[in-house]
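Heads up: the structure comes next, in structure tokens.
The values are calculated or read from the model by the stated rules, or taken from the named source; none is laboratory data. Computed from a prediction, not measured in an experiment: that's the story for all the values here. Cβ coordinates were reconstructed from backbone atoms using ideal geometry, including for glycine residues, and neighbour counts include every protein chain displayed. Ligands, DNA and RNA are stripped out before the accessible areas are found, and what is left, the full protein with its side chains, is counted by its heavy atoms. Shrake-Rupley method; radii C 1.70, N 1.55, O 1.52, S 1.80 Å.
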Amino acid sequence: MAITKKQADQYIEDVFNGKIDVKNLPEDIYLAIADRLTAGLYQGFGGTLSDFSGRDYELLAELRENIYMFSGAKTYQEVREMTDLLVDKDGGLRSFDDFKTEALKVHELYNETYLETEYNTAVGQGASAVAWQQIESQKSILPFLKYNAILDERTDEICASLDGLVAPVDDPIWSDYSPLNHFNCRCVLDQLEEDSGDGPDYDDTKEKVSELVDDVFKNNPGKTGYVFNEDHPYFTVLKEDKAAAQNNFNLPIPKPEKAKGSDDE
């Protein structure tokens, strides 16, 4: 569900008039954000909740809930930033036309520029999560993982450093440095029977990438159930509203679909 121009105009008007603030967030904007990101998650994971059962269903449900919590935090941050624009740099109240001009910039930044990147991240993390389930199911016969980066003019220093690294499936390095390791990461993990021994040095690589990878990406969604972890800026700046954040700012999380083959289908 895309945010329409009519919705955006009403949203901005309601912030200006005080109907919307950080204690009264816009549910329609929140749900539109969550719908977009959930669609990306489902695309990456390979289906909706009703397509899965067992651990796959449980994992996807956890990832979906994280999307809604993230969308609540994102909406909070956007509204707070818009509310700050009600007063100009000299401390005077802005006119509505002046406020709308500035508020539209915030709206477009959060709901076009940022949202597109977040959507791509949701797709990638969904794919990584379901791939990890496959890795876990095969580790008795394929106990090693090799980091495989696409090496071209777009390759990030992080991925170039990790390329070829081999470690056991259960090695803790994959909790922090399995793909995605940055926005628009294209890397994958290949599962192997044995370590060929020709990859980069484990300790040197780990030390190097620990300084390069943003904490936001030190996450394995197949293990944590997070698309966006607690180090994301939307979450980390909510300390003063921790109780509200934990309650998703009183924003609803729609009831998940039933699992495939459930009695209520």
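Tabulated data
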read-out	value
Residue identified as aliphatic (A, V, I, L, M) and crowded, with 16+ Cβ neighbours inside 10 Å among 2, 32	32
Long-range neighbours under 7 Å by Cβ, at least six apart or interchain, first residue under 16 Å from residue 222 (Cβ atoms) within the range 37-54, second open to solvent by 30 Å² or more (accessible area, probe 1.4 Å) and basic (Lys, Arg)	52/260
Residue count, the range 5-29 (criterion: in a loop (DSSP other than H, G, I, E, B) and either open to solvent by less than 10 Å² (accessible area, probe 1.4 Å) or of a type outside the set (D, E, K, R) (or both))	5
Pairs with Cβ under 6 Å, 6+ apart, first in the range 15-34 and touching a residue at least 40 places away in the same chain (Cβ under 8 Å), second surrounded by fewer than 20 Cβ atoms within 10 Å (Cβ to Cβ) and assigned to a helix (DSSP H, G or I)	16/96; 20/14; 21/83; 22/80
Evaluation of residue 119 against (1) farther than 19 Å from residue 180 by Cβ; (2) touching a Leu at 6+ places or on another chain (Cβ under 9 Å) (one fails), failing number	(1)
Among residues of the range 145-162, those that are open to solvent by less than 50 Å² (accessible area, probe 1.4 Å), farther than 11 Å from residue 190 by Cα and not in a helix (DSSP H, G or I), counted	1
Matching residues in the range 31-55 - criterion: being part of a helix (DSSP H, G or I), of a type outside the set (A, V, I, L, M) and either farther than 14 Å from residue 127 by Cβ or at pLDDT below 95 (or both)	35, 36, 38, 50, 51, 54, 55
Positions within the range 214-232 being open to solvent by 70 Å² or more (accessible area, probe 1.4 Å), assigned to a helix (DSSP H, G or I) and touching a residue at least 40 places away in the same chain (Cβ under 8 Å), in sequence order	223
Of the criteria (1) open to solvent by less than 60 Å² (accessible area, probe 1.4 Å); (2) farther than 27 Å from residue 133 by Cβ, which one residue 211 fails	(1)
Failed item in (1) of a type outside the set (S, T, N, Q); (2) part of a strand (DSSP E or B); (3) over 30 Å from residue 39 (Cβ atoms), with residue 142 passing the rest	(2)
Tally of residues being closer than 23 Å to residue 114 by Cβ and touching a helix residue (DSSP H, G or I) at 6+ places or on another chain (Cβ under 6 Å) across the range 37-62	7
Single residue of 171, 97, 90 found to be in a helix (DSSP H, G or I), more than 22 Å from the chain's Cα centre (by Cα) and charged (D, E, K, R)	97
All positions within the range 59-107 that are surrounded by 15 or more Cβ atoms within 10 Å (Cβ to Cβ), over 26 Å from residue 232 (Cα atoms) and touching a Leu at 6+ places or on another chain (Cβ under 7 Å)	86, 94, 99
Complete set of residues in the range 198-211 that are free of Cβ contacts under 8 Å to residues at least 24 places away in the same chain and assigned to a loop (DSSP other than H, G, I, E, B)	201
Count of the range 172-187 residues which are surrounded by fewer than 17 Cβ atoms within 10 Å (Cβ to Cβ) and in contact (Cβ under 8 Å) with a residue 12 or more places away in the chain	5
